Amino acid sequence: MDNVRKLVIGMSLMAVMQFAGAVETLKVCADPLNPPYSTKDEQGFENKIAELFAKELGQKVEYTWFAQRIGFIRNTLTADVNDWDATSNNYKCDLVMGVPTGYDLTLNTEPYYKSTYVLLIAKGRGWDDIKSANQLTELADTQLEKLKIAMFDRGPGTTWLQQNGLLDQGISYQSMSGDSENNVAMQIDKDFKAKKIDMVILWGPMAAYVISQSPKDSYNMIAMQAAPGIRFDFSMAMGVRKGDKDRKAALDKLIVKNADKINKIIESYQVPLLPLQK
């Protein structure tokens, strides 16, 4: 496999450099308030990976900022600079740094990381003996009355709570709130600190952000295990416009070439990573 990887990198170097020579900027579509992924001051791990790729290509990163919500792709990746002329093919940006593999609104690269949903529990609130999510299904009624677990309007965590009869213990949150001051991870962090919630089933990168905002050992993080009809682990790719095959090919080669550097960047944000399938 290593020999094949080296051969792919070697064969692709000229193609990547040709792609780089065609443009001066790496035009990225991103949310300005979406830690740990992207921020306006470019401190998210997606910002750092975009910076790495731009350096490889001899380019500068240029951002189109738009909140990550319904309409994101329409207002960024497929939006024309001249809003009045949607046929000029002069797009606002060319690359979304993080989309699920199989995402149907973009042409997707090979995956560059894989993570999982976790059960995140604040320590010191009576739940320190929980070592598995399944223990929540065995709680006595008196304990269930005290359970304050965040529950989103969609996602595998909510499905798991429903399957296990725990919806009544959930405190509801929206996956896309439209809040201009907090993304989901930021709001969860604030509500943990305010003791509005004691635990949450949360996507790994977001859980990593919450952990990073508190002193060490403030939380227990437990990986969720697959259940009938529920998957918790997902691979993430980069998205380009459908039909933009040359850009996808160039990005695929950069992902292979920089796999170790990408992992180090993401690991530095404490994101729980799973091995990518070869």
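Would you say residue 139 is within 17 Å of the chain's Cα centre (by Cα) and either outside the structural domain of residue 260 (by TED's automatic domain parsing) or surrounded by 14 or more Cβ atoms within 10 Å (Cβ to Cβ) (or both)? Steps first, answer last, please.
Values: within 17 Å of the chain's Cα centre (by Cα): no; either outside the structural domain of residue 260 (by TED's automatic domain parsing) or surrounded by 14 or more Cβ atoms within 10 Å (Cβ to Cβ) (or both): yes.
When the stated conditions are applied, residue 139 does not pass them.
Could you list, in sequence order, all residues of region 204-233 that are among the small types (Gly, Ala, Ser) and within 14 Å of the chain's Cα centre (by Cα)?
Passing the criteria: 204, 207, 208.
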Item to check | Set 198, 217, 191: member being at pLDDT 95 or above and buried (at least 20 other Cβ atoms within 10 Å of the Cβ) | outcome: 198
Next on the checklist: Of everything in region 185-235, what is outside any loop (DSSP other than H, G, I, E, B) and among the acidic types (Asp, Glu)? Give them in sequence order.
Outcome noted: 189, 191, 233
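Just to check your reading of the model, which residue among 98, 102 is touching a Pro at 6+ places or on another chain (Cβ under 9 Å), closer than 30 Å to residue 257 by Cβ and not assigned by TED's automatic domain parsing to the domain that holds residue 211?
Of the residues listed, the single one that is touching a Pro at 6+ places or on another chain (Cβ under 9 Å), closer than 30 Å to residue 257 by Cβ and not assigned by TED's automatic domain parsing to the domain that holds residue 211 is 98.
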Next on the checklist: Name the single residue that is nearest to residue 243 (Cα to Cα) among those in region 69-89 being at pLDDT below 90 and either of a type in the set (Ser, Thr, Tyr) or exposed (fewer than 10 other Cβ atoms within 10 Å of the Cβ) (or both).
Outcome noted: 89
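The values are calculated or read from the model by the stated rules, or taken from the named source; none is laboratory data. Owing to the predicted nature of the structure, the values given are computational and were not obtained by experimental measurement. Every residue, glycine as well, gets a Cβ built from its backbone with ideal geometry; the counts of neighbours run over all protein chains shown.
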